[in-house]
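In what follows, a structure is listed as structure tokens, so that the remarks can point back to it.
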Protein chains: 2
Amino acid sequence: MEKVERYSFTVEPFHVDFTGHLFMGVLGNHLLNAAGRHSHNRGWGIDQLNEVHYTWVLSRLSIELDEMPAQYEHVEVETWVESVMKLFTERNFLIRNADDGRIYGYARSIWAMIDVETRQPSNLLELKDGDILRYVLTADEKPCPIAKHGRIRLSQPEHLRDVDTYYSDVDINGHINSIKYIEHILDLFPRSTFELHHIRRFEIAYKLESYLGDTLSLYGEPSAEKLSDGQPRSCQVEIRKHVGAPAKPAGETIVQALIAWE
Amino acid sequence: MEKVERYSFTVEPFHVDFTGHLFMGVLGNHLLNAAGRHSHNRGWGIDQLNEVHYTWVLSRLSIELDEMPAQYEHVEVETWVESVMKLFTERNFLIRNADDGRIYGYARSIWAMIDVETRQPSNLLELKDGDILRYVLTADEKPCPIAKHGRIRLSQPEHLRDVDTYYSDVDINGHINSIKYIEHILDLFPRSTFELHHIRRFEIAYKLESYLGDTLSLYGEPSAEKLSDGQPRSCQVEIRKHVGAPAKPAGETIVQALIAWE
């Protein structure tokens, strides 16, 4: 079995924003589909692992793009495993135009395997006798030329918005869907930001689960560094959850993100 | 060119609700993709029409299902044109399981063609010398055994929720995306409704456009007729828009919908 999985899609009309480019959340969804197919085709899919009471949990996702695919473009994603540690594995992505081969960008992700009963992380190196190591492609063998995940730390977070969660926010496990957080985060920015800039890098860290009915409180902190037109170069965002109505002090941190503009 | 277009998809993990079934909005998106492909392959695609300053506008969509496709199922959609009038065309859909052929359900839709400059409807029978009539499959030739679109009329609408619109709600034309309305409408219902019932029929009528920053006010009216457990058999929903903050009296009606449960 080849170590790299390829996954193709066409940028659909309802998946582009008002600039005609793919929504970041939809790109994230495609990357997760590619990851799922890579795992499944190598005996490590969620469906196969559920039988032995394990499941994958996404911990970090960082996407860095020269360009976001546009409506009707054909996109090919390559995904592979760069490393496996005891409790985490690093999975990378290359995103290219399927017609002319130009590279839109790359992504990195970190995953843990948990026991669905105890919710405790499992030792990836022991599962299936270390079978996962057969699929590793080191950074020398298959480079992913973007920075690793950074540390997101808000020192003076400003409360920006509370978002209630409903039926459409929730996945099959009853958790708020990883992709919906990306939508809620990008919805913090006004139209003008997307008219004048594009997202160079998007990082998200999933810390805790939230559930249908939880209220999400979104906090932000813009960078001191500015682009030439005065807009902050980046913004850190933190989502905290409230079971029921928001209260002070704010609830537990469930998601952190960084959006860097260009 | 065959009169029926076939379009296939797999039900992806992030496209299912907490019951493991496809979100209605995602099904709607797939139907619109199928319609787009049918039109494009016959010289009537939006991309081809834009060159001559015309575009398709969806006016009505009614979906009726015995069963909603579940996660990982392979789905095939057939779509065809049932009739063409001067200002409207009727397009139907059949939705089936691609592996065993069982039929999940059917859908009907109504479309107008408008001039993108004047926003006025165009005469479909005159465009391209009536070429569109070559693709008609009458109800006798290809049946679509579900009711036509009904009349949605709320006599005592109750104000249920206001929804602000953001970046993720808007399509490439700057309009609130047709699919997002479906999400906002279904988000009116509590978890228990989806646990106990499934949607037998979903109807939506698109009346006017709304734009990024508009506030949507959602109104509902449950049917007097009840299911055996006391839940209303159906609910009519109306969305009105406000430019800026909601005011009384409520704004213009932009969308109407009917959700019938089973």
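Count of the range A:35-54 residues, restricted to those that are within 11 Å of chain B (Cβ to nearest Cβ) and touching a residue at least 12 places away in the same chain (Cβ under 8 Å), is 2.
Please go through the range B:236-250 and give me each residue that is over 11 Å from B:S210 (Cα atoms), buried (at least 18 other Cβ atoms within 10 Å of the Cβ) and either modelled with pLDDT under 95 or of a type in the set (D, E, K, R) (or both), ordered by number. Across the range B:236-250, the qualifying residue is only B:E238.
When A:R201, A:R233 are checked against the criterion of being basic (K, R), touching a Ser or Thr at 6+ places or on another chain (Cβ under 6 Å) and modelled with pLDDT of 95 or more, a single residue qualifies: A:R233. Is one or more of the residues making up the range A:48-55 at pLDDT 95 or above, farther than 25 Å from A:I254 by Cβ and of a type in the set (S, T, N, Q)? No, that holds for no residue. Considering the conditions (1) within 20 Å of A:T19 (Cβ to Cβ); (2) more than 14 Å from chain B (Cβ to nearest Cβ); (3) among the aromatic types (F, W, Y), A:Y219 is excluded by exactly one of them, (1).
Considering the conditions (1) among the aliphatic types (A, V, I, L, M); (2) more than 13 Å from chain A (Cβ to nearest Cβ); (3) under 30 Å from A:I176 (Cα atoms); (4) surrounded by fewer than 20 Cβ atoms within 10 Å (Cβ to Cβ), B:L65 is excluded by exactly one of them, (4). Within the range A:172-191, being part of a helix (DSSP H, G or I) and not basic (K, R) holds for A:S178, A:I179, A:Y181, A:I182, A:E183, A:H184, A:I185, A:L186. Taking (1) under 19 Å from B:V16 (Cβ atoms); (2) in contact with a strand residue (DSSP E or B) (Cβ under 6 Å, 6 or more places away or on another chain); (3) aromatic (F, W, Y) in turn, B:W111 satisfies each apart from (1). Pairs meeting the criteria (first residue in the range B:211-231 and assigned by TED's automatic domain parsing to the domain that holds B:S178 and in a loop (DSSP other than H, G, I, E, B), second residue among the hydroxyl-bearing types (S, T, Y) and surrounded by fewer than 16 Cβ atoms within 10 Å (Cβ to Cβ), beta carbons under 9 Å, at least 6 apart or on different chains) are B:Q231/B:S192. Of all the criteria given as (1) more than 30 Å from B:V81 (Cβ to Cβ); (2) in a strand (DSSP E or B); (3) of a type outside the set (S, T, N, Q), the one not satisfied by B:F194 is (2). Suppose we keep only residues that are over 15 Å from the mean Cα position of the chain (by Cα) and surrounded by 19 or more Cβ atoms within 10 Å (Cβ to Cβ) within the range B:97-115. Which one would you say is farthest from A:N173 (Cα to Cα)? Residue satisfying both the conditions and the ranking: B:M113. Give the residue that is farthest from the chain's Cα centre (by Cα), with candidates limited to residues of the range A:6-25 that are more than 7 Å from chain B (Cβ to nearest Cβ) and assigned to a loop (DSSP other than H, G, I, E, B). Filtering the range A:6-25 for residues that are more than 7 Å from chain B (Cβ to nearest Cβ) and assigned to a loop (DSSP other than H, G, I, E, B), the one farthest from the chain's Cα centre (by Cα) comes out as A:T19. Quick check on A:W44: is it modelled with pLDDT under 95, farther than 24 Å from A:A260 by Cα, of a type in the set (A, V, I, L, M, F, W, C) and not in a strand (DSSP E or B)? Yes: the conditions hold for A:W44. If you filter the range A:137-195 down to residues that are more than 10 Å from chain B (Cβ to nearest Cβ) and basic (K, R), you find that the one that is surrounded by the most Cβ atoms within 10 Å (Cβ to Cβ) is A:K142. Of the residues screened, B:V57 is not one that is farther than 19 Å from B:S178 by Cβ, more than 10 Å from chain A (Cβ to nearest Cβ), touching a residue at least 12 places away in the same chain (Cβ under 8 Å) and of a type in the set (A, V, I, L, M, F, W, C). Whether a residue is surrounded by fewer than 19 Cβ atoms within 10 Å (Cβ to Cβ), among the small types (G, A, S) and either over 23 Å from A:D169 (Cβ atoms) or touching a residue at least 40 places away in the same chain (Cβ under 8 Å) (or both) was assessed, and B:G28 does not pass this test. Checked against the criterion of being within 14 Å of chain B (Cβ to nearest Cβ), surrounded by 16 or more Cβ atoms within 10 Å (Cβ to Cβ) and over 15 Å from the mean Cα position of the chain (by Cα), the candidates A:E78, A:E73, A:E82 yield just one match: A:E73.
Taken as a whole, the condition of being within 14 Å of another protein chain (Cβ to nearest Cβ) and either on the phi > 0 side of the Ramachandran plot or assigned to a loop (DSSP other than H, G, I, E, B) (or both) does not apply to B:M1.
The values are calculated or read from the model by the stated rules, or taken from the named source; none is laboratory data. All of these numbers come straight from a predicted model, not from anything done at the bench. For neighbour counting, all protein chains shown are included, and Cβ atoms are generated from backbone atoms with ideal geometry for every residue, glycine included.
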